[in-house]
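Single-structure report; data block below.
The values are calculated or read from the model by the stated rules, or taken from the named source; none is laboratory data. It should be emphasised that the depicted structure is a prediction, and the values quoted were computed from it without experimental measurement. With ideal geometry, Cβ positions are generated from the backbone for all residues, glycine too; neighbour counts draw on all protein chains shown. Remember, those area values only see protein heavy atoms, side chains included, never the ligands or the DNA or RNA. Shrake-Rupley method; radii C 1.70, N 1.55, O 1.52, S 1.80 Å.
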Amino acid sequence: VLADAYFPGWKAYARLSGEASSEETELSIYRAYGNFRAVELKPGRWVVRFKYTPMSFKLGVYVSFLSGVTLFLAAGWWAWGRFYRESSGEGAEVRRVAKNSLVPMGLSLVNKGIDFAFAMLRLRILNPAGEGSYTFAISFYAFFEILVRFGLGTFLTREVARDRERADRYLGNVVALRVVLWLAALPLMALVGVAYHVWGGLTPQEAQAIALFAVALLFAGMADAISAVFYAYEQMEYPAGVASAIAVGKVALGALVLLPPLSWGFVGLAGVSVVMNLLQTLWLYLLLRRTLFAPQVQVDRSLQQEMLYESWPLMLNHLLATIFFRIDVWILKPFSGAGAVGLYGAAYKYIDGLNVIPSYFTMAIFPLMSRLARDSHESMVRAYVLALRLLLVVSLPIAVTTTFIARPLILILGGEKFLPGSALALQILIWSIPIGFINSVTQYVLIAVDQQRFLTKAFIVGVVFNMVANLVFVPRYSYLASAVITILSEFSLLVPFYYAVRRYVAPIPWLDVIWQPAVAAGVMGAVFVVVAGWSLVGSVVLGVLAYGMALVAVGLFRQPDVAALLRGLPWKRWARSANGAAPSAAP
């Protein structure tokens, strides 16, 4: 009994006395003698820790965060329209790629920050089992989303980037095709759901969430088609800005459906997706009419047949890639239960967040790569080598840092209930990031040179390896086996990708690309080992400084491609303008 007033919002944790490394266990708190806090302990000496974490405080912080993000996005949207102008002349291509990668990437990271804040609330309400059910429902949805999209978005971006005069014709036929594909996917979704109900332990709540996600799938396909047109016009800031606004609305409504008096759980979150996907589609449609053209539906059967034929390998590759990344969740659910999926999913949230970096970067350079593949193969190879170098420079320090701070990262995200399992999974999973970044940009380079059919063979190899390895090791080692297999599966993709690049693109100087960021990352890791046990923030700051200094010391910035990139970035133009020189951008 603790002689302190009982009040809702307190939590209690206990560990054996004298064993600082022993794992804490959460205890139930009772009201003793009408006023005090009490916990029940087994015989022995215990250390009990009380922690005050009222939901009212969490909600206050959460609402304040969303309000700040909303104001930030509104100010950014206004400033962009007021000050940004497309540039022309020398260096315009570099600045356009920078704009189309950095702006969407930055906004996507904001979206991930919003989603992360919501996850901190959601995980504490749903707990590992509920979060596992929600993760499984999303994985189920992701599989059928690929079937409905059918690779048409990437095909649309590539073709419209080559000839913008055909944008309206292509968009109308893509939308018509996706409606048909969505209708065809519905009975298949129901059939797979019944199979999981019989053999995979699918609950009624999970089935309801999947049904709602099926409705949201239609609007997601339409929004993706409109976004693909903006990508082709290299105006990626529009879909990125809309996605950020939708993210704010989605998590605001999500909090309402999770908390009393509604308390609809993850089923309510699926319903929110329906509403927000519809709103996103309407918003993008209005922006398309205002900024580019007024779309008209022009159904052309022969064109649709051509599109399906050309997009089939892209869809198959995307489907295999989705299976490649999600098969572990589908296998974990029947073998280890929703709780294991929740622990694994909490760690994977950081991986999903970090994957926006190669995703938006490669989407930004894809139109450029497509044109260079047609007009200047040598220039495309140089751009590819530079992309590899930049992605490694970013991914390796992320992997090193996350390895050392995985426990506090999980503690912030999900709380004590997700430790130590999710932290161990994250320390393993994070090392799939450097290889995954390379695979991501390589995939789009191969698409640019029309080798999407080779990608299919590579993904089949990766999927077979991933599936067999998970089926063998998950029943025994659960989600930790899935984490290790994720790294090995990325390697299984890298090998055929290396062969394809050498054959269809050019021999790449891999050692020259890798050694400098790898040495700098090693220096960073050594710093973390030396300052272990010191301030968390101080350790990260020292590690980042050491990494930057090591990059300078090994001469990364003297590489010709990196130096050329630095010379072409916008700040050179801004510096000339500040010094009184005429800016290169058109007014």
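Values computed for the structure shown
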| item | result |
| --- | --- |
| Nearest-ten-degree value, helix 167-199 long axis tilted from longest Cα axis of the chain | 30 degrees |
| Per residue accessible area in Å² of region 101-179, where ligands, DNA and RNA are left out and the probe is 1.4 Å | 29 Å² |
| Sites A5 and R407 - FRET efficiency at Förster radius 25 Å, r taken between beta-carbons, to 0.05 | 0.20 |
| Ellipticity estimate at 222 nm from DSSP helix runs (n ≥ 4, -39,500 (n - 2.57)) divided over the chain, nearest 500 | -27500 deg cm²/dmol |
| 1.4 Å probe accessible area per residue over region 322-440, in Å² | 29 Å² |
| Computed magnitude of the charge dipole of the chain (debye, nearest 20; Cβ of K, R +1, Cβ of D, E -1) | 700 debye |
| Acute angle (nearest 10 degrees) that the helix 152-162 long axis makes with the longest principal axis of the chain, alpha-carbon atoms | 30 degrees |
| Cα lying deepest toward the dipole's positive end in the chain, options A74, A399, Y233, charges on Cβ | A74 |
| Residue list for region 40-63, given a label point 7 angstrom along the Cα-to-Cβ vector of S28 and an amide N cut-off under 11 Å | 40 |
| Surface accessible to a 1.4 Å probe, L471 within the full protein complex, Å² | 80 Å² |
| Length gained when the stretch D300-S535 is fully extended (0.36 nm per residue, less Cα-Cα span) | 78.3 nm |
| Y285/A211 FRET efficiency (R0 25 Å; Cβ-Cβ; nearest 0.05) | 0.45 |
| Cα-derived Rg to Rh of region 430-571, Kirkwood definition | 1.05 |
| Region 436-451 and region 1-47: distance between their alpha carbon centers, rounded to Å | 55 Å |
| Contour excess over end-to-end distance, with Cα ends at F50 and A553 and 0.36 nm allotted per residue | 176.2 nm |
| Positive-end residue, the chain charge dipole about Cα centroid, Cβ charges, pick of G538, G415, H318 | G538 |
| Over the chain, relative contact order from alpha-carbon pairs under 8 Å, at least 6 apart, % | 17 percent |
| Angle in degrees between helix 301-354 and the longest Cα principal axis of the chain, rounded to the nearest 10 | 20 degrees |
